[in-house]
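The structure appears right after this line, and notes come after that.
The values are calculated or read from the model by the stated rules, or taken from the named source; none is laboratory data. This structure is a prediction, so every number in the text was calculated from the model and none was measured. Glycine gets a Cβ as well: all are built from the backbone with ideal geometry, and neighbour counts include every protein chain shown. The accessibility values were calculated without ligands, DNA or RNA, using every heavy atom of the protein model including side chains. Shrake-Rupley method; radii C 1.70, N 1.55, O 1.52, S 1.80 Å.
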Amino acid sequence: ELARTLYLLANKQVVEPGNRRGEDSGEGGVAPSVRRYSGPHCRRQAVEILEGLIREDPKIPDYRFLLALCYRPGGGPDSVTSPASRQGWERAIGILEELRTQYPEVTEFRYELTATYAWVNVGLFPWQQPSGGLSDAEASLLKALAESEWLVTHNPSVPHYARSKALILAKLGAVCWRTDRPAKAEDCFARALETQTGVIAEFPEAPAHDRVVLEFLRLRLAEVRYERAGDGKDASAAEPSCDLLDTSIENLTGLIAQPELKQDRLASTSLVAAYDILARVLDEGGQKDQAEETKRRAEGMRAMEASGRANPWGL
């Protein structure tokens, strides 16, 4: 339990009050200091405890499972950048693969293995630039997709398994796009959109953020589809993408007005991205006035973000 607590502390921004009696200030009216928990330090302590427990009794799977989560780099896919973090990521995969083989019926082990396979940054979201080799990322994502499809097939009533599959497909689409395979990229984004649409249809009580993800996938599909259609001079070729972008903008505008989504980073950046893409499509299609109006709306959204009215949170 101590190791689990340390793991949780490593993933949270938590402070410990220096004065535990609840007094408002220290000597002389000075506020007591606070001790911040260091994420890496907590993680190292948890690993040390768990390694000792495993030496004492290597047959208990929960010890190894928590150890794998501790080895997985904190901070999400963007954090797998240094040799040490990659080594931890690979160690986590090795442990989770063993657990998946030994306990195939435990979906939690398989789900975390899926998430760890997909723990790669391929520049999918508007604020990201890809890090690491795309070929290695693709190989890992294909493994993640296979595990995700197993989870969805065997657990159709669990929405986050399907949501995970949609994002894995989108990451594969980003890899294919960046490696000059536009047809494959479009197919991946279309499948991602279809999967996430199913999540919304089957689980209407799902969090509002799921609808944000849906619209993000819609605009990414529109972008890829437009690029595949040519240079945009043919208005009929751009029409399907415009329809997708119009839908995405309309839905995101409604979503971002919801109180629980005002701080949603994906919602605000997706709306700006949708305006930017639509402005380019209109401009290249000769609709200059509409393009300028769309650009103005995009700038207005950026100004809102800068003023803090749409202050993003990390995904």
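Quick notes on this one:
- Boolean, Leu145 is at pLDDT 95 or above, within 17 Å of the chain's Cα centre (by Cα) and over 25 Å from Ala273 (Cα atoms): yes
- Residue within the stretch 66-84 that is in a helix (DSSP H, G or I), modelled with pLDDT of 90 or more, more than 22 Å from the chain's Cα centre (by Cα) and within 24 Å of Leu167 (Cα to Cα) present: no
- Exactly one residue out of Ala146, Ala137 is free of Cβ contacts under 8 Å to residues at least 24 places away in the same chain and either in a helix (DSSP H, G or I) or among the acidic types (Asp, Glu) (or both), and it is Ala146.
- Sole exception among (1) closer than 30 Å to Thr179 by Cβ; (2) more than 25 Å from the chain's Cα centre (by Cα); (3) in a helix (DSSP H, G or I); (4) at pLDDT below 85 for Lys233, by number: (3)
Residue-wise test of (1) open to solvent by less than 10 Å² (accessible area, probe 1.4 Å); (2) more than 24 Å from Ala68 (Cα to Cα); (3) among the charged types (D, E, K, R).
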residue	(1), (2), (3)
Thr114	yes, no, no
Pro126	no, yes, no
Tyr161	no, no, no
Trp177	no, yes, no
Pro182	no, yes, no
Ala185	yes, yes, no
Gln196	yes, yes, no
Glu205	no, yes, yes
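- The listed residues are Ala238, Ala170, and the only one of them that is farther than 24 Å from Thr116 by Cα and crowded, with 22+ Cβ neighbours inside 10 Å turns out to be Ala238.
- Every pair of residues 6+ apart whose Cβ atoms lie under 8 Å, when the first sits in the stretch 203-214 and is among the β-branched types (Val, Ile, Thr) while the second is part of a loop (DSSP other than H, G, I, E, B): Val212/Asp264
- Each residue in the stretch 241-285 was checked for being in contact with a Phe, Trp or Tyr (Cβ under 6 Å, 6 or more places away or on another chain), open to solvent by 10 Å² or more (accessible area, probe 1.4 Å) and of a type in the set (A, V, I, L, M, F, W, C), and 0 of them qualify.
- Candidates Leu278, Leu214 - the one that is within 16 Å of Phe125 (Cβ to Cβ), of a type in the set (A, V, I, L, M) and out of contact with any Lys or Arg (no Cβ under 6 Å at 6 or more places or on another chain): Leu214
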